[in-house]
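Peer 1: This is the structure I want to talk about, given as structure tokens.
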Amino acid sequence: MEQRNALERFAQLVRTGAVDPGDGAVRLGVDLGTANIVLAVVDGTNAPVAGAWRHSSVVRDGVVVDWLGAVSSVSDLKSELEGRIGATFDRAAVTVPPGVDEGTRKVFTNVLEAAGLGVSEVVDEPVAAATALGLTDGAVIDIGHGTTGVSLLRDGAIGFSVDQATGGHHMTLVISGAKGIDYEEAEQFKTSTAQADLVFGLVRPTLEKMATIAADALRGHDVREIHLVGGASTLPRAAEVFEGVLGEPVRRPAHPLFPTPYGTAMRRTP
């Protein structure tokens with residue numbers, strides 16, 4: 001299945017709760033994000049089979065801050081998928097933010113083990129996203145809820161990564177202050193299609209700051225492709241802002257939240 005179509009299909013499966021018949025043994029990937037936990041299932045050909053997600057705040061700035069909440073969410077989503085697919089999972093790959101220390105990586109793997117899953121691989125988030133996008137040489141800019149991460153990949157491995165504290169959370173704070181509304185209401189307002197133009201006007205300076213983080217990180221490097229992913233990049237004109245600051249074409253998939261979990265499930269260990 002062509003990469004773009006596969007990502008589109010995975011997004012549909014997550015949002016509808018549907019299941020596609022697999023071809024060969026299924027594999028599970030777990031993405032513990034700052035605002036969402038997403039589980040992805042692929043078959044032996046890396047075609048999407050199913051997915052499940054839950055809004056969550058168990059991770060903050062790349063650190064698991066709610067251990068019981070993380071374990072409970074992964075366990076529940078795993079059970080939900082097993083019921084839908086009719087399979088039992090005992091292993092999974094899991095994402096971690098790039099550049100975290102060994103102790104932090106161990107906390108992420110401990111979450112899986114406490115949820116009844118052996119760890120088949122620990123995958124840096126930009127490597128997982130690049131796997132789903134079919135990218136081996138280029139840059140992945142990941143706008144999460146708390147941070148903007150920039151990773152340069154060469155031959156499928158991370159050459160370097162930069163992560164700074166500006167993300168979707170900061171856009172919500174801007175909206176909350178400008179509109180005089182509480183945080184949760186601002187979160188809903190941020191995603192309202194009816195208010196898209198107003199939202200863009202309010203958060204454009206924050207997007208430009210994120211794009212400047214990326215421009216500073218990539219300055220002096222020969223970058224073949226630039227891809228924008230992460231839940232906070234779903235604003236309709238986000239890629240436009242990044243292109244304006246970077247002066248280069250920026251590719252954003254139709255569902256930028258999902259390359260990372262989907263790519264995690266696609267990973268194959270020796």
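Peer 1: Identify all residues within region 187-207 that are under 25 Å from GLY244 (Cβ atoms) and surrounded by 15 or more Cβ atoms within 10 Å (Cβ to Cβ); write none if there are none.
Peer 2: Result: PHE189, LYS190, GLN195, VAL199, PHE200, LEU202, VAL203, ARG204, THR206, LEU207.
Peer 1: Restricting to region 12-47, name every residue that is surrounded by fewer than 20 Cβ atoms within 10 Å (Cβ to Cβ) and assigned to a helix (DSSP H, G or I).
Peer 2: GLN12, ARG15, THR16
Peer 1: If I go through region 164-181 residue by residue, how many of them are within 18 Å of the chain's Cα centre (by Cα) and of a type in the set (D, E, K, R)?
Peer 2: Matching residues across region 164-181 total 0.
Peer 1: Another one. Looking only at region 56-103, which residues are without any contact (Cβ under 8 Å) to a residue 60 or more places away in the chain, of a type in the set (Asp, Glu) and over 16 Å from GLY29 (Cβ atoms)?
Peer 2: Listed by number, the residues that qualify are ASP66, ASP76, ASP101, GLU102.
Peer 1: Look through region 217-267, keep the residues that are in contact (Cβ under 8 Å) with a residue 24 or more places away in the chain and of a type in the set (Lys, Arg), and return whichever of them is farthest from GLN3 (Cα to Cα).
Peer 2: So the residue we want is ARG237.
Peer 1: Inspect all residues belonging to region 203-218 and state whether any of them is in a strand (DSSP E or B) and outside the structural domain of ARG27 (by TED's automatic domain parsing).
Peer 2: No; the residues of region 203-218 include none that is in a strand (DSSP E or B) and outside the structural domain of ARG27 (by TED's automatic domain parsing).
Peer 1: On the given criteria, is ALA139 farther than 23 Å from HIS55 by Cα, surrounded by 19 or more Cβ atoms within 10 Å (Cβ to Cβ), outside the structural domain of ALA47 (by TED's automatic domain parsing) and aliphatic (A, V, I, L, M)?
Peer 2: yes
Peer 1: If you scan region 34-49, which residues turn out to be in contact with a helix residue (DSSP H, G or I) (Cβ under 7 Å, 6 or more places away or on another chain) and at negative phi?
Peer 2: ALA35, ASN36, ILE37, VAL38, LEU39, ALA40, VAL41, VAL42, ALA47, PRO48, VAL49
The values are calculated or read from the model by the stated rules, or taken from the named source; none is laboratory data. Just so it is clear, the model here is predicted, and its values are computed rather than measured. Heads up, the Cβs are rebuilt from the backbone with ideal geometry, glycines too, and the neighbour counts pull from every protein chain shown.
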